[in-house]
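We did not get these values from a lab; they are worked out from the coordinates using the rules stated. In this text the structure is predicted, and so the values were computed from the model without any measurement. Neighbour counts run over all protein chains shown; Cβ positions are idealised from the backbone, glycine included.
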2 protein chains.
Amino acid sequence: MEDMNPINSVGIVTPQDFLFGATGEDALRLDCGKTLRNVTIRYETYGILSEKADNAILVEHALTGDAHLAGYHSETDKKPGWWDSMVGPGKPFDTNKYFIVCSNIIGGCSGSTGPRSIDPETGRRYNMNFPVLTIADMVRAQKHLMDHLGIRKWLAVAGGSMGGMLAIQWAISYPDSLRSVIAIATTSRISPQSIAFNWVGREAIMGDPGWNGGEYEEQPQRGLAIARMLAHITYLSDESMRKKFGRNLQDSKDYSFNFHKDFEIESYLDHQGTRFVERFDANSYLFITRAIDYFDIADYGDGDLTKAFSRIKAAFLVVSFSSDWLFPAYQSRELVKALLDNGLDTTYCNIESSYGHDAFLLETKSLGTLVSGFLTARHLEVVS
Amino acid sequence: MEDMNPINSVGIVTPQDFLFGATGEDALRLDCGKTLRNVTIRYETYGILSEKADNAILVEHALTGDAHLAGYHSETDKKPGWWDSMVGPGKPFDTNKYFIVCSNIIGGCSGSTGPRSIDPETGRRYNMNFPVLTIADMVRAQKHLMDHLGIRKWLAVAGGSMGGMLAIQWAISYPDSLRSVIAIATTSRISPQSIAFNWVGREAIMGDPGWNGGEYEEQPQRGLAIARMLAHITYLSDESMRKKFGRNLQDSKDYSFNFHKDFEIESYLDHQGTRFVERFDANSYLFITRAIDYFDIADYGDGDLTKAFSRIKAAFLVVSFSSDWLFPAYQSRELVKALLDNGLDTTYCNIESSYGHDAFLLETKSLGTLVSGFLTARHLEVVS
């Protein structure tokens, strides 16, 4: 809490759990044809819901994110939520004005129902018997939470990376349930290059004997770390790696002539892999990356993105970053073109940045200005 | 052989072995401080060495290449050498005019001494006791072959990718032993992003229990396939993958909702991984990628590339490809700048191509024109 600035922090927040689908009737229907019962959604809220419930914003997290968007969980908590720089009093997602909701996606491993949850049918963990989800399934589960919270229309649904896919999906699945979308460093469909990286990551996990067909007690450490290290390379940029690490050696002045960590970049990746194994579940990683593979919004228009977007009513803020090669700017421009083809209120900015894909978490200043202005305009529409 | 065109094929070639270092005296000195005894170099030659031995060209292979550059090994051989499109009578590396040499690098697994060779000290395979090599070590071994062949000055040393690094290294290590360098899709130093990809690939191999500290009988199949699939993504481009595979599904019309090969790109990568395990040794992969990590020609100029190049006498042809993101064009331009700073005869071309790094094997036409013209000019210098 030493780092906590009481002026612009949301302070201490308490995660909450919403349960639904205890009976077969309100079970969650899934795109694969199956249903999910006893669904838990872990979520956090910040700010106060207005009487008209017209100031609610849903923030979507990325692949390995969670519901802990901002603030601290306790007085001794050292690390704030993952987008604390953007969410709080006076910040772009201004908790003095807006009621912010963030929920852990289903399929995840941070409180919401996922592959490590107990299958009510068997009394044991789902593991690989968990149904293969889609981004639309994750959004469908969030709609249950929305109804539970008494919100009829989000002022905005916002997210970066996979979070942006969920935000776009909201506009397609529930066009009348949101006023706007903030889609950051994201895409309307996953490219074969991204599918390829996801494939190799999953092969690393499933190839680790410790994975054991998903029936592990301890994580398949090596495989999961490899998947994470690989993914992490795609989150940075060639330029940011050269700036941050270059060819710097870790400990010695000369090459060690062995296969240990010689370069700083090797040590950095190793650290990222190790830390990830401590916090993220291997099976969740499999299921969520598969949901990402399957994400192609053009499917809603028989392969035609413009047609798919014809049902959308939301205004859009689309933001890309110049050095993002995971979801490059051309993918945002495709998205913007399809929105404009439908005459939708669309704002687009390609922010110059060397941070690569991770820029959506780091370029707080330029991103904050865009988000703040866009939200203010949406808010004026409802309060005026 | 059915595919063999007798008009422009070199026909049937026989690989040869050159041995040196049987005594301690002519053992190969290595950058790590160790020496290598009983060194075998597997090589092939094409065309006829002129009386003055002034028409010899050394072609360097890439990471997983071998000495079989062109032609066929037998009447029933179906597949020609790896650069057959570029080497033969009337082709850019014209065997009617030039004497072409290609040798498997030391550290490799295709005939030359590598980690799976027998250590004369122990009578057992080196495996991880093999010394960690550098690109300079590989070139030093080739110098022994050059002397053995009675060649005093290469007309050119040419190579793509890692092969280009060896070609540049020749110009640094033996400035008087070559007239020119053809450096294609390569770099003067490996970027941290490339080091990172190499690291993850090696972690996949060494994390496979089948690797067993390098003491395997059967290959660590899973780990090696993962390393290859990952590397293979870096050889293609986002654009070429979209053109070739897009989001096409392999067998079904709809998503399978499982973790098998759904997309064509997944099936393609899986195939590449499987094939690679059949032909390339896991320990060799470790040693060669490490040598690549250590490649930074600026080390010869205390970190200053222009200073490092001050000893060079060779003329250079530098070729990059617009969509190559493994060794992007800016890295070739750095190289070219340092050459020009030293007043060296330098030709540079960035070829527009969507094939990514693999373009050096595929853009035969435009590359061939450049190589052919460059070699003709060099040849005229010696025959006139």
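Do you know which residues across segment B:66-88 are within 28 Å of B:Thr134 (Cα to Cα), assigned to a loop (DSSP other than H, G, I, E, B) and not charged (D, E, K, R)? Selection gives B:Ala67, B:His68, B:Leu69, B:Ala70, B:Gly81, B:Trp82, B:Trp83, B:Met86. Selection within segment A:276-286: residues that are farther than 15 Å from A:Asp358 by Cβ and outside any loop (DSSP other than H, G, I, E, B). The member of this set that is farthest from the other protein chains (Cβ to nearest Cβ) is A:Arg279.
Restricting segment A:178-229 to residues that are part of a helix (DSSP H, G or I) and of a type in the set (S, T, N, Q) leaves a set whose member that is nearest to the other protein chains (Cβ to nearest Cβ) is A:Gln193.
More than 30 Å from A:Phe257 (Cβ to Cβ), among the hydrophobic types (A, V, I, L, M, F, W, C), part of a helix (DSSP H, G or I) and in contact (Cβ under 8 Å) with a residue 12 or more places away in the chain, is that true of B:Ile265? Taking the combined requirement at face value, the residue satisfies it.
Picking from B:Ile168, B:Ile151, which residue would you name as being touching a strand residue (DSSP E or B) at 6+ places or on another chain (Cβ under 8 Å), surrounded by fewer than 24 Cβ atoms within 10 Å (Cβ to Cβ), within 29 Å of B:Ser310 (Cβ to Cβ) and among the aliphatic types (A, V, I, L, M)?
Numbers: B:Ile168 fails: surrounded by fewer than 24 Cβ atoms within 10 Å (Cβ to Cβ).
Every option except B:Ile151 fails the conditions.
Any residue at all in segment B:321-335 that is in contact (Cβ under 8 Å) with a residue 12 or more places away in the chain, among the aromatic types (Phe, Trp, Tyr) and touching a Leu at 6+ places or on another chain (Cβ under 8 Å)? No, segment B:321-335 has no match at all. Within segment B:241-259, residues that are more than 7 Å from every other protein chain (Cβ to nearest Cβ) have Cβ atoms under 7 Å from residues that are small (Gly, Ala, Ser) and part of a loop (DSSP other than H, G, I, E, B) in these pairs: B:Lys243/B:Ser354, counting only partners at least 6 apart in sequence or on another chain. The numbered conditions (1) under 30 Å from B:Val382 (Cβ atoms); (2) free of Cβ contacts under 8 Å to residues at least 60 places away in the same chain are all true for B:Asp304 except (1).
Taking segment B:42-65 as the range and being charged (D, E, K, R) and in contact with a Pro (Cβ under 9 Å, 6 or more places away or on another chain) as the test, the residues that pass are B:Arg42, B:Glu44. Among the residues making up segment B:47-95, those that are within 17 Å of the chain's Cα centre (by Cα) and hydroxyl-bearing (Ser, Thr, Tyr) are B:Thr64, B:Ser85.
Taken as a whole, the structure leaves B:Thr289 outside the set of residues that are in contact with a helix residue (DSSP H, G or I) (Cβ under 7 Å, 6 or more places away or on another chain), hydroxyl-bearing (Ser, Thr, Tyr) and under 21 Å from A:Arg202 (Cα atoms). Residues that are crowded, with 17+ Cβ neighbours inside 10 Å and touching an Asp or Glu at 6+ places or on another chain (Cβ under 9 Å) number at least 3 in the following strands (runs of 3 or more DSSP E) confined to segment B:14-65: B:39-46.
Looking for something in a loop (DSSP other than H, G, I, E, B), in contact with a Leu (Cβ under 8 Å, 6 or more places away or on another chain) and small (Gly, Ala, Ser) - is there at least one such residue anywhere in segment A:133-154?
Yes, segment A:133-154 has at least one match.
Filtered by the rule that a residue be over 24 Å from A:Met86 (Cβ atoms), of a type outside the set (D, E, K, R) and in a loop (DSSP other than H, G, I, E, B), segment A:108-122 gives A:Thr113, A:Gly114, A:Pro115, A:Ser117, A:Pro120, A:Thr122.
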